[in-house]
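The values are calculated or read from the model by the stated rules, or taken from the named source; none is laboratory data. Every value quoted in this text rests on a predicted model; they were computed, and no experiment measured them. Ideal geometry is used to build each Cβ from the backbone, glycine not excepted, and the neighbour counts take in all protein chains shown. To get the accessible areas, we keep the full protein, side chains included, count just its heavy atoms, and leave off ligands, DNA and RNA. Shrake-Rupley method; radii C 1.70, N 1.55, O 1.52, S 1.80 Å.
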Amino acid sequence: MEQVLTPNEMRAADEAAIRSGTPSAVLMNRAAYACAVTALRMLGGAYGKRIVVVAGKGNNGGDGIICAKHLNAAGAQARIVRVDEWSPDAFARLAKHADLVIDAIFGTGFSRAPAGDAEKAIAAINAAPARVLAIDVPSGVNGADGTVPGIAVDADVTIAIQALKVGHVALPGAIHCGRVDVADIGIATRDARTFVPDARDVRGVLPDTEPDTNKYKVGALAVLAGSTGMTGAAVLTARGAIRAGAGLVILGVPSSTLPVFENAVIEAIKVPLPEAEGQLEAKAVDELGDRLERCRALAIGPGIGRGPRAVAVVRRALDVPLPLVVDGDGLWALAEILKEEPDVLRSRGHATVLTPHGGEFAFLAGRPVGGDHIQEARDLAARLHATVHLKGRRAVTASPKGSAWVNTTGNPGAATGGTGDVLTGIVSSLLAQGMVADGAAWAGAYLHGLASDVVASRVGMRSLSAHDLPEALGAAFRIVSRATHNVGVLRTALEPIT
């Protein structure tokens, strides 16, 4: 996995490398050389190529100045424009004929809105006709959380020194980065708590299928979902679970809705359960009886409705001795339960996965989600003692122990009703197949996003629907199964966000 560091974590690793005997000048030269190599790759060579380096005062500016020297040594024509001697006319003359502009104004530690000549320089870079390479982070992007407090450089490529930073993966900063390459310059980074999984990482955690197996060995899953008018949520959850490999799905629904499922999800066992006015009652959990004993995970919440009955059925589900995924209306009900029993998840003997979107996060946290989604998810996971998957573009999975994973698959077309129900099915299916909660959540999110990318490539993002995603999971699994690790001292870690 690619490590993701905060600027403070990167600074500590940098200082440790210097204390261990690597001079700072050596590290800066390595970073500058990697920038030069990246620039030449973007340009397709050095001969006849013109580059403008816009350099600030700090180490980022130093990287840019030394990068220019390497580019000139390679045969390109690199010119330096210093922000502290900013001349818009001088930059305009050089940029008019430039093949590449290199942004070396601010580094990852800059967190304010750019002002003065720096603000003017960033605007000039964005207006230039040439492609843009940003060193470490586009100037104006906060490397600590991805926020953009003012103007920021719009880079075509960003070269991350040693490791990804939060600003590369979190929105809106990620939009300014373009493609992100990582240059390994020999600094040890062992204490990362945030990661970006790729397809090979997903492949590595997926459960193996034994040659001699059966549906219960593969993993049976129980799902409690749906209510009058919300049966689609139950269907999508069950279909997602089946396509994600569950050996058996037992779908518990309000008894009056059973006819809706006659020809839907034919692979699942449909169980009519006690209800009142189209909503499951608490005794529905007990009604599943010995069926639950044969299951390895339970999912609850999609489409169950809100109100006292939803609270009662979710509260009863919390006592079931199985790994549990709570989503949708179940999260609203859980938030009500937490008001009276704030440690209810901590006392469970099995893992709990919560999959809120921003509104559901607000129910659970008691306030709207803040700008730093990684830290927000991490804090909620620690407080509730549950794995939290905060949905959205660049979704975050956080462990109660502090680790976090940022998902990079998916597209805006998946922002449509029902896709979250499919995700619930995928994650709970992987749990039922024996995966640990954190892995089931981040790997499930990766597969869910990849399936949406497959669908978007076929029908376009605008026409994507939740119904399409389960059928695309087969293609997603095939892509993952064929993946190879992305290694090298200079490698592409992130493609441009769309």
FRET efficiency (residue 339, residue 258; Cβ distance; R0 35 Å; to 0.05) is 0.55
Taking a straight Cα-to-Cα line shorter than 22 Å from residue 96, and setting aside same-chain lysines fewer than 8 residues away, one finds 49, 69, 120
Quick check: residue separation of residue 475 and residue 267 times 0.36 nm, minus the Cα distance between them. What number comes out in nm? 72.9 nm
Rounded accessible area per residue of the range 361-498, 1.4 Å, Å²: 38 Å²
Cβ-Cβ FRET estimate between residue 486 and residue 283, R0 fixed at 60 Å, reported to 0.05: 0.70
Any idea what log10 I(q)/I(0) is at q = 0.20, 0.22, 0.23 Å⁻¹ for the range 194-262, Debye with uniform C-alpha scatterers and no solvent? -0.86, -0.93, -0.97
Leaving out ligands and nucleic acids, note down the accessible area per residue over the range 231-358 with a 1.4 angstrom probe, in whole Å². 39 Å²
As I understand it, the dipole of the range 321-394 uses +1 on the Cβ of Lys and Arg and -1 on the Cβ of Asp and Glu, about the Cα centre. Which of 377, 342, 356 lies farthest toward its positive end? 377
Determine the gain in length on full extension of the stretch residue 463-residue 19; use 0.36 nm per residue of separation and subtract their C-alpha separation, reporting nm with one decimal. 154.3 nm
Treating the angle as unsigned and between 0 and 90°, give the value, to the nearest 10°, between the Cα long axis of helix 59-73 and the longest Cα principal axis of the chain. 60 degrees
Label points 7 Å out from Cα along the Cβ direction at residue 346 and residue 276: separation in nm? 3.2 nm
Cα atoms only: what Rg and Dmax, in Å, come out for the range 249-396? 15.6, 45
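Given R₀ = 60 Å, FRET efficiency for residue 72-residue 294 by Cβ-Cβ distance, to 0.05? Please report the intermediate quantities before stating the final value.
Working: r = 71 Å, r/R0 = 1.18.
It comes out at approximately 0.30.
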Computed over all unlike Cα pairs, the Kirkwood hydrodynamic radius of the chain in Å stands at 24.1 Å
Can you tell me what share of the DSSP beta bridges in the chain is antiparallel? A percent to the nearest 5 is fine. 25 percent
Among 433, 423, 498, the residue whose Cα sits farthest towards the positive end of the charge dipole of the range 360-498, when +1 is placed on the Cβ of each Lys and Arg and -1 on the Cβ of each Asp and Glu, is 498
No other cysteine beta carbon under 4.7 Å away is the test; run it over the chain and list who passes. 177, 295
Relative to the Cα centre, what is the charge dipole magnitude of the range 237-387, using +1 at the beta carbon of each Lys and Arg, -1 at the beta carbon of each Asp and Glu, and rounding to the nearest 20 debye? 280 debye
So the angle from the long Cα axis of helix 24-43 to the longest Cα principal axis of the chain, reported in degrees to the nearest 10, equals 80 degrees
Could you give the dipole magnitude of the chain about its Cα centre, charging the beta-carbon of Lys and Arg +1 and that of Asp and Glu -1, in debye to the nearest 20? 1040 debye
For the range 317-447, what does the alpha-carbon gyration tensor say about shape, rounded, prolate or oblate, given a ≥ b ≥ c as the root eigenvalues, a/c under 1.5 as rounded, and a/b over b/c as prolate? rounded
Carbon and sulfur atoms account, in whole percent of the 1.4 Å probe accessible area of the range 351-498, for 54 percent
Compute the signed sum of charges (Lys and Arg +1, Asp and Glu -1) over the other residues within less than 10 Å, Cβ to Cβ, of residue 451. -2
Considering the alpha-carbon set of the range 2-114 alone, what are its Rg and its Dmax in angstrom? 15.2, 45
Between 0 and 90°, nearest 10: helix 329-340 axis offset from the chain longest Cα axis: 90 degrees
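Can you compute the charge dipole magnitude of the range 367-498 about its Cα centre, using +1 on each Lys and Arg Cβ and -1 on each Asp and Glu Cβ, nothing else charged? Give it in debye, rounded to the nearest 20.
Computed charge dipole of the range 367-498: roughly 160 debye.
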Per residue, how much accessible area does the range 61-140 have with a 1.4 Å probe, in Å²? 43 Å²
Label point 7 Å beyond Cα of residue 363 along Cβ direction - residues of the range 321-351 with amide nitrogen under 13 Å: 326-339
Farthest toward positive dipole pole in the range 236-395 [+1 Lys/Arg, -1 Asp/Glu at C-beta], among 312, 366, 251: 366
Let me have the 222 nm mean residue ellipticity of the chain computed from DSSP H runs of 4+ only, each contributing -39500 (n - 2.57), with the sum over all residues rounded to the nearest 500. -12500 deg cm²/dmol
Overall dimensions of the range 258-320 as given by Cα atoms, namely Rg and Dmax in Å: 12.0, 32
Can you send over the carbon and sulfur percentage of the accessible area for the range 1-55, probe radius 1.4 Å, protein chains only? 52 percent
